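Right, one structure below, let's go through it.
The values are calculated or read from the model by the stated rules, or taken from the named source; none is laboratory data. Predicted, not measured: the structure shown is a model, and the values here were computed from it. In this analysis, Cβ positions are derived from the backbone assuming ideal geometry, glycine residues included, and neighbour counts consider all displayed protein chains. Each accessible area value is taken on the protein alone, full model and side chains, heavy atoms only, with ligands, DNA and RNA left out. Shrake-Rupley method; radii C 1.70, N 1.55, O 1.52, S 1.80 Å.
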Amino acid sequence: MNVLASANSAPGFVTVDAATSELYAVQTHAPGPAGSLPLDEDYLRHAPSGHIFGLTQDAGMGWNPALLRRKEFLILSTQGGIRAADGSPVALGYHTGHWEVGLLMQAAAEEFGRLGAIPFAGFVTDPCDGRTQGTPGMMDSLPYRNDAAIVLRRLMRSLPTRAGVMGVATCDKGLPAMLLALAGQRDLPSILVPGGVTLPPSEGEDAGKVQTLGVRFAQGEITLEEAAELGCRACGSPGGGCQFLGTAATSQVVAEAMGLSLLHSALTPSGQPIWLDMARRSAQALAALEAAGLTTGDILTADALHNAMVVHAAFGGSTNLLLHIPAIAHAAGLRVPTVAEWSRINAAVPRLVDVLPNGPVGHPTVRVFLAGGVPEVMLHLRALGLLRLDALTAHGRPLGELLDLWLASERRRMLRAHLLETDGIDPDDVIMAQARARQRGLTSTVTFPQGNLAPEGAVVKSTAIDPRVLDADGVYRKVGPARVFTSEVAAIAAVKGQGDAPIRPGDIIVLMGRGPLGCGMEETYQITSALKFLPWGKEVALITDARFSGVSTGACIGHVGPEALAGGPLGRVREGDTIQIIIDTVRLTGSVDLVGHDGAHYSPAEGVAVLAGRTPHPHLAPDPGLPADTRLWAALQQASGGIWRGCVYDVERITRVLEAGLRALDAERVAHASH
């Protein structure tokens, strides 16, 4: 046997030769499309060559050349995976949220064609925060948002002939990235089509609770067989964001509240006829905006931003939007909201929605949609005088006018009746008037505690603290020993009861060095979800410079600033230190303080001096696996103002920092040369 024959017969070896010699009959030319381009002398003399070559490409891809030079609309989405015609997977996506959005794109594209326009489409897929929980992939999660927004904006500008842009996105980072990209194109009309939600299983657990299967099994709460079955059926339908009001669902709600999406489009159940209808009507709306000369800048205003913050509070939305809404404002050229403004709005706005994960019942998001979704909540907010009703919307009409239409609509009447008939749920028990919400124990959404461990502030979703650990006055008070960790891996192992020092009721977990500079500001849902679903978890608190999944609940305080690796005092806490946490869920005030160590007890003011006299924790360091890409993101967002400005890239500030750094390096070089 010769060498070639031996190689070709080796097991697993892919041969150089094709399976059949017929494949070698390669075609070397083709007739090209029939017809001719719709050119005229003026266009041919004055149009950029790129416009003319673009027509050649369009004809080459099969578009009827006689129908070219019409208005063009660009559809960009986060589509992932490859679906067969029957919907079965050829190649999986990263998550259900982008699995079906290609169907929305197709419905919108067909509608553009029916309107006599030319649709274009492009894709920038997105990761799944659930899939990367507890893995190195989480270090790319938040940085992805900035990178994807840049790529999406580049794609928008790379089709110079587009008359408007439609963004189609669903989930935690892809949808905020799309909003940043659309916000940055202020002179173009645009619209956001949300990818909707997946259904809950008829029997079983939602996609948030099943993310605790490992820790509950480790603690003996469930069997191996139960874990396998529950995990298999948690996604009741193949498309859409998770069934809870996490970051994906909250981002959909916020986009609609800003006026960038059609009324009652957020949280539409994926794959259903009403979902496809939403895509078709969005195409109509974008074409109408373009015809009316209305742009993104006309819709995304300071009033729109205010409405988004108000609706976020009324829904009890994800704390990740405290990163995304400021970033959207920055991209739109608007003033970035301050912590004081967030505090003021959350103090003024009651939570009105009973939805997973906040409770008290915790309805899935499809029920919120059927109960009326964003416009139903806005009716209550309008009655309280909390909305700016002159804000323009994607319908080309002001918000107040749309709410009048919603109140009298067949859509509202029929969907709310359907919820009662199908699930036996009164829609007014899902989206409530203020009096009923107060009676049911719903409190305002977010509190921003400060203290000697968080001098720049922190955030806790105070509405989701277990009522059983609140005092009669609605205040969470806890004093306990610090359990210090510099990695989430070590912390979750202790929560699972592994190792010599497991987490016990009464402990306060201090997870430091997990902000932007440490690991890209990872989510810590592994820990927060475990504390929610373990029987004793409500007796444990968490303080961290990381962030939380939108489905997180409990006495979990994140976004601590400054972060430990930026010199924040959190990085000086030691194992066994006495920590005091006070969160007033009524007045929305709070504090997080070091108040003792080694048997000594002192005031928060004295704790400032104790912390100042310490060195950073000996194990505090950036994660050894931190990718260079994420290190670059962390440095750029830090130069741009950090987490309270949305982890953005502020080009002017970055440029000034670089110029100052170059001057300092030059001065150092000159000083060195003089010696």
Can you name the helices (runs of 4 or more DSSP H) wholly within segment 339-429 that have at least 3 residues being within 21 Å of SER552 (Cα to Cα)? 339-348, 365-370
If we ask which residues in segment 536-561 are part of a strand (DSSP E or B) and either among the charged types (D, E, K, R) or touching a residue at least 60 places away in the same chain (Cβ under 8 Å) (or both), their number turns out to be 9
Can you go through GLU256, GLU229 and tell me which one is in a helix (DSSP H, G or I), free of Cβ contacts under 8 Å to residues at least 40 places away in the same chain and among the charged types (D, E, K, R)? GLU229
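Out of VAL459, VAL484, report the one residue that is modelled with pLDDT of 95 or more, under 30 Å from PRO622 (Cβ atoms) and within 23 Å of the chain's Cα centre (by Cα).
Answer to the check: VAL459.
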Name the pairs whose Cβ atoms lie under 8 Å apart, with the first residue in segment 274-288 and under 16 Å from LEU392 (Cα atoms), the second open to solvent by 60 Å² or more (accessible area, probe 1.4 Å) and assigned to a helix (DSSP H, G or I), and 6 or more positions between them or separate chains? none
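Here is a yes/no grid of residues against (1) more than 30 Å from ALA494 (Cβ to Cβ); (2) under 21 Å from the mean Cα position of the chain (by Cα):
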residue	(1), (2)
ASP140	no, yes
ALA149	yes, yes
ARG157	yes, no
VAL165	yes, yes
LYS173	no, yes
PRO176	yes, yes
LEU179	yes, yes
THR198	yes, yes
PRO201	yes, no
Only one of VAL592, VAL586, VAL573 is out of contact with any Cys (no Cβ under 9 Å at 6 or more places or on another chain), open to solvent by 10 Å² or more (accessible area, probe 1.4 Å) and hydrophobic (A, V, I, L, M, F, W, C); which? VAL586
Taking strands (runs of 3 or more DSSP E) that fall entirely within segment 442-521, which contain at least 2 residues that are over 30 Å from VAL310 (Cα atoms)? 475-485, 508-511
Counting only residues in segment 513-538 that are among the aromatic types (Phe, Trp, Tyr) and open to solvent by 10 Å² or more (accessible area, probe 1.4 Å), the one farthest from VAL648 (Cα to Cα) is identified as TRP536
Filter segment 388-410 for residues that are touching a residue at least 40 places away in the same chain (Cβ under 8 Å) and open to solvent by less than 60 Å² (accessible area, probe 1.4 Å) and give the result. ALA391, LEU392, THR393, ALA394, GLY396, LEU399, LEU402, TRP406
Looking for whichever is within 20 Å of the chain's Cα centre (by Cα), of a type outside the set (Val, Ile, Thr) and open to solvent by 10 Å² or more (accessible area, probe 1.4 Å) here; the options are PRO326, PRO350, PRO364. Which one fits? PRO364
Of the residues in segment 417-451, those that are open to solvent by 40 Å² or more (accessible area, probe 1.4 Å) and at positive phi come to GLY424, GLY441
For TYR94, all conditions in the list (1) assigned to a helix (DSSP H, G or I); (2) closer than 30 Å to THR247 by Cβ; (3) open to solvent by 80 Å² or more (accessible area, probe 1.4 Å) hold save one; what is the number of the exception? (1)
